[in-house]
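Down below is the structure, laid out as structure tokens.
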Amino acid sequence: MIFVGERVNTGFKDIKQAVLTKDPKPLQEWARKQAAAGATYLDVNLGAVSAKASDMCWMVETVQKAVETPICIDTNKPSILAEAIKVCNKPALINSSTAAKDQMDKFLPIAVAHNASIIGLAMNETGSPKSCAMRVEMAGMFLATAMEAGLSPDRVFLDPIAMPLKFMQDQQKDFLEAARQFAMFSDPPPHIICGLSNIANGTPHKKLINGIFLAMAIGCGLDAAICDVMDLDLLNAGRTADLVMNKEIYADSCIKS
């Protein structure tokens, strides 16, 4: 299971203030905590705090001074991505592009040039998907375009788009069925990822909902999640689901290890 730590994000007040004042300590503290918890990548998100590529580069370089964990560059601005990816010490994960042609035309060449992987959202310029069929169509288009550009399927992470359970309950079955179909797109298959925190948005039972949904999604082919890697129960649920799906070899010490 690939876990992407979500916490170096200016959507959190401490990270926002740290970026504004150029204080490296909060970024590096969260980077160390998430790396120690088992994060495969660390998501670095400048958000709306700044439109300067130099600020994203500062965030990436600050995190890399603390840990060796690869970076997930979280931006929808190609100009920021083009600069930030240059300062990554290891091949990055790009978060993210939609299946809209103008976005793919800008994001995919950067991924190819820098040996990066990329998240493709199952949506286009018309907005979020409303059905399983739309998710499958958009994701298939993204994967085909990425492969034509020179990316192998194992460097593509397809996101079926998790909707808030509280407000769009009917969408969850479509997400799960779409993930199941994504896994059959190619051999080897692409990775399947989601922003896990979206599912429990606005609810008082975030940990419970996130853990149950993660396990169900893994059963449908999900093998990556952007999530709170500090939630040990969540990570253990994901690891146990991998065992049930025969993706890992069982041992009595598997959770401890």
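The values are calculated or read from the model by the stated rules, or taken from the named source; none is laboratory data. Being a predicted model, the structure only gives us computed values, none of them experimental. Virtual Cβ from ideal backbone geometry, glycine too; neighbours counted across all protein chains shown.
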Does A215 count as hydrophobic (A, V, I, L, M, F, W, C) and farther than 21 Å from A35 by Cβ?
-> yes
Residue among N95, N115, N89 that alone is out of contact with any helix residue (DSSP H, G or I) (no Cβ under 9 Å at 6 or more places or on another chain) and either at pLDDT below 95 or under 26 Å from F3 (Cβ atoms) (or both) = N95
Please tell me if T62 is under 16 Å from the mean Cα position of the chain (by Cα) and not assigned by TED's automatic domain parsing to the domain that holds M141.
-> no
Residue count for region 21-37, restricted to those that are over 11 Å from D228 (Cα atoms), under 17 Å from the mean Cα position of the chain (by Cα) and in contact (Cβ under 8 Å) with a residue 40 or more places away in the chain = 0
Report whether or not G47 is under 15 Å from G195 (Cβ atoms), touching a strand residue (DSSP E or B) at 6+ places or on another chain (Cβ under 9 Å) and not in a strand (DSSP E or B).
-> yes
Counting only residues that are of a type in the set (A, V, I, L, M, F, W, C) and either part of a loop (DSSP other than H, G, I, E, B) or surrounded by fewer than 16 Cβ atoms within 10 Å (Cβ to Cβ) (or both), region 171-205 contains a total of 3
Of the residues in region 74-131, how many are charged (D, E, K, R) and either over 22 Å from V8 (Cα atoms) or in a strand (DSSP E or B) (or both)?
-> 7
F213 fails exactly one of (1) touching a Cys at 6+ places or on another chain (Cβ under 9 Å); (2) surrounded by fewer than 22 Cβ atoms within 10 Å (Cβ to Cβ); (3) among the hydrophobic types (A, V, I, L, M, F, W, C), namely (2)
Of all residues in region 72-88, which are within 22 Å of C194 (Cα to Cα) and basic (K, R)?
-> K77
Residues of region 1-38 satisfying the condition of being among the hydrophobic types (A, V, I, L, M, F, W, C) and within 22 Å of I80 (Cβ to Cβ) | V4, V8, F12, I15, A18, V19, L20, L27, W30, A31
Can you run down the residue pairs with Cβ atoms below 8 Å, 6 or more apart or on separate chains, where the first is in region 206-226 and assigned to a strand (DSSP E or B) and the partner is of a type in the set (V, I, T) and crowded, with 20+ Cβ neighbours inside 10 Å?
-> A224/V4; A224/I192; A224/I193; A225/V4; A225/I193; I226/V4; I226/I193
Output for region 141-170, where each listed residue is exposed (fewer than 15 other Cβ atoms within 10 Å of the Cβ) and touching a Lys or Arg at 6+ places or on another chain (Cβ under 9 Å) = none
What are the residues in region 215-241 that are among the β-branched types (V, I, T) and either over 15 Å from I193 (Cα atoms) or not assigned by TED's automatic domain parsing to the domain that holds S253 (or both), if any?
-> T240
Identify, by number, the condition in (1) buried (at least 21 other Cβ atoms within 10 Å of the Cβ); (2) touching a helix residue (DSSP H, G or I) at 6+ places or on another chain (Cβ under 8 Å) that M138 doesn't meet.
-> (2)
